[in-house]
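Inspection log for the structure reproduced underneath, given as structure tokens.
The values are calculated or read from the model by the stated rules, or taken from the named source; none is laboratory data. Bear in mind the structure is a predicted one, so any value in this text is a computation, not a measurement. Here Cβ is always computed from backbone atoms with ideal geometry, including for glycine, and neighbour counts include all displayed protein chains.
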Amino acid sequence: MNENKKSKRILKILPWYMGLSYGLLFYTPISTLFFTIAKNLSPSQITLLGTISTLLCILLQPSLLKIIKKINNVLSVRIGSILLLLSVLLITFGNFYMIMIGIILETIAFTFKDMINIILRNNLIYAFKSDEYIKYKNKSFLIYSIATATIALVVGYLFNLNYYIPMICCMICCTIIIIMSLFIDDIKTENVEEKSNNSYSKIIIKNKMIINIILFFGLIRTCIALGFNNSELFIQQELKYFFNIAKTTYYFSLIVFVSRIVRILSNLCLNKIYLKLREKLLILLPSLLMISFGFIVFSHYLIDNLLIKFLIMCLSYSIVVALIDFFTSVIQDTVLDKTSSSEQQAALTYLSLSYKVFKVIFGCFVSLILLRYSLVYVLIFLIVLILVGMIFFSETYKKLIK
């Protein structure tokens, strides 16, 4: 009975913890502004930061997986929460190399913190609510979207007051996340099977469908991440061409706010859309991403009216932001649904690893493109990449929807 009450309490906390720690609040909306204005970094340097940091994290991945298996899911989440705070401190007060270490710690933090998905799954199974995974994930995304939308209203003003105020607010949020992690526990059912690392690793590797899903996730999630960052930089550059820094900050904050409202609306619809379309979303969402990048390119070359140009860019950017939650949620649920409990830690780790590997590979390509060409060519490159990925994934997709 006590375990039942404990599980109910944990299930109430989990969406709030996941929502408030899904991204670095206050930092995410102004990250590119902070790097370009406060730290004087170029778009190429920003991309290079992420690429090098991710490469080092890939090299650390086997060790991270061993640590995660050695400690439990709860301790992994708590370590991840602490590392988030340390990463923000380094990013805020460090030089280029300290920022790189901070971004490395941030990536490692999210690898540890990803075990929260298994904790959620286990608690839902214990409470006989295993079919409500998307519902709880959706609630956490909704909390994050509302928080970021609210923050977007004031973050531009705070940034103009002092470039470092939003980062200090981010540190406060990270401290709250650490405290919340102390109230989380992992309740498993008695029939949860435990196997050795080698056993489940072999099962994952031999399952061709899971491998294809993991690789497809890595590719598309990379396109979303690179598209998100470079769309922000692209819109900022367009704004700077017409306005001063203060107005650019305010207008960009407004665009971020609108994107978060779209994100909230998409999260409200996520569960219903997923229940209706399920695996079909694995192709529909990348198609929507490709169209969004296409509209940004289209508005750059063919739209002269300033208002229409930025309205199209704002809407396209908003769709990219909404897809971060949607695509990740659909993939995670698909993978967790098709793997046993003993395989799930490895499956989530491989999802994270796949994303990092593709991010390093194509992050290097993007950095090379930016050395000679403008940001618009990065978006064209990503459109081609998504199309190629969808073609290669088509056979696996057909098997999934049968």
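Only one residue in Lys280, Lys272 is without any contact (Cβ under 8 Å) to a residue 24 or more places away in the chain and either within 19 Å of Tyr377 (Cβ to Cβ) or surrounded by fewer than 22 Cβ atoms within 10 Å (Cβ to Cβ) (or both), so which one is that? Working first, answer last.
Numbers: Lys280 fails: without any contact (Cβ under 8 Å) to a residue 24 or more places away in the chain.
Step by step, each of Lys280, Lys272 is checked, and only Lys272 is without any contact (Cβ under 8 Å) to a residue 24 or more places away in the chain and either within 19 Å of Tyr377 (Cβ to Cβ) or surrounded by fewer than 22 Cβ atoms within 10 Å (Cβ to Cβ) (or both).
I'm told Ile172 meets every condition in (1) of a type in the set (A, V, I, L, M, F, W, C); (2) assigned to a helix (DSSP H, G or I); (3) surrounded by fewer than 16 Cβ atoms within 10 Å (Cβ to Cβ); (4) modelled with pLDDT under 85 except one. Can you identify the failing condition by its number?
(4)
In this structure, does Lys5 turn out to be surrounded by fewer than 16 Cβ atoms within 10 Å (Cβ to Cβ), modelled with pLDDT under 85 and assigned to a helix (DSSP H, G or I)? If you could, list the steps in order and put the result at the bottom.
Numbers: surrounded by fewer than 16 Cβ atoms within 10 Å (Cβ to Cβ): yes; modelled with pLDDT under 85: yes; assigned to a helix (DSSP H, G or I): yes.
Yes: the conditions hold for Lys5.
Given the structure, is Lys309 out of contact with any Pro (no Cβ under 6 Å at 6 or more places or on another chain) and over 28 Å from Asn271 (Cα atoms)?
Numbers: out of contact with any Pro (no Cβ under 6 Å at 6 or more places or on another chain): yes; over 28 Å from Asn271 (Cα atoms): yes.
Taking the combined requirement at face value, the residue satisfies it.
If I go through the stretch 303-314 residue by residue, how many of them are farther than 16 Å from Ala149 by Cβ and assigned to a helix (DSSP H, G or I)? Lay out the reasoning, then the answer.
Of the stretch 303-314, the ones farther than 16 Å from Ala149 by Cβ are 303-313.
Subset that is assigned to a helix (DSSP H, G or I): 306-313.
Summing the residues that are farther than 16 Å from Ala149 by Cβ and assigned to a helix (DSSP H, G or I) in the stretch 303-314 gives 8.
Could you look through the stretch 94-119, keep only residues that are more than 18 Å from the chain's Cα centre (by Cα) and surrounded by 18 or more Cβ atoms within 10 Å (Cβ to Cβ), and pick out the one that is farthest from Phe35 (Cα to Cα)?
Just the residues of the stretch 94-119 that are more than 18 Å from the chain's Cα centre (by Cα), to begin with: 94-101, 119.
With surrounded by 18 or more Cβ atoms within 10 Å (Cβ to Cβ) added as a condition, the list becomes 99-100, 119.
Working: Ile99: 10, Met100: 12, Ile119: 35 Å.
Among those that are more than 18 Å from the chain's Cα centre (by Cα) and surrounded by 18 or more Cβ atoms within 10 Å (Cβ to Cβ), it is Ile119.
Of the residues Ser196, Ser181, Ser253, which is touching a Pro at 6+ places or on another chain (Cβ under 9 Å) and either at pLDDT below 85 or not β-branched (Val, Ile, Thr) (or both)? Spell out the reasoning first.
Values: Ser196 fails: touching a Pro at 6+ places or on another chain (Cβ under 9 Å); Ser181 fails: touching a Pro at 6+ places or on another chain (Cβ under 9 Å).
Within the list Ser196, Ser181, Ser253, the selection yields Ser253.
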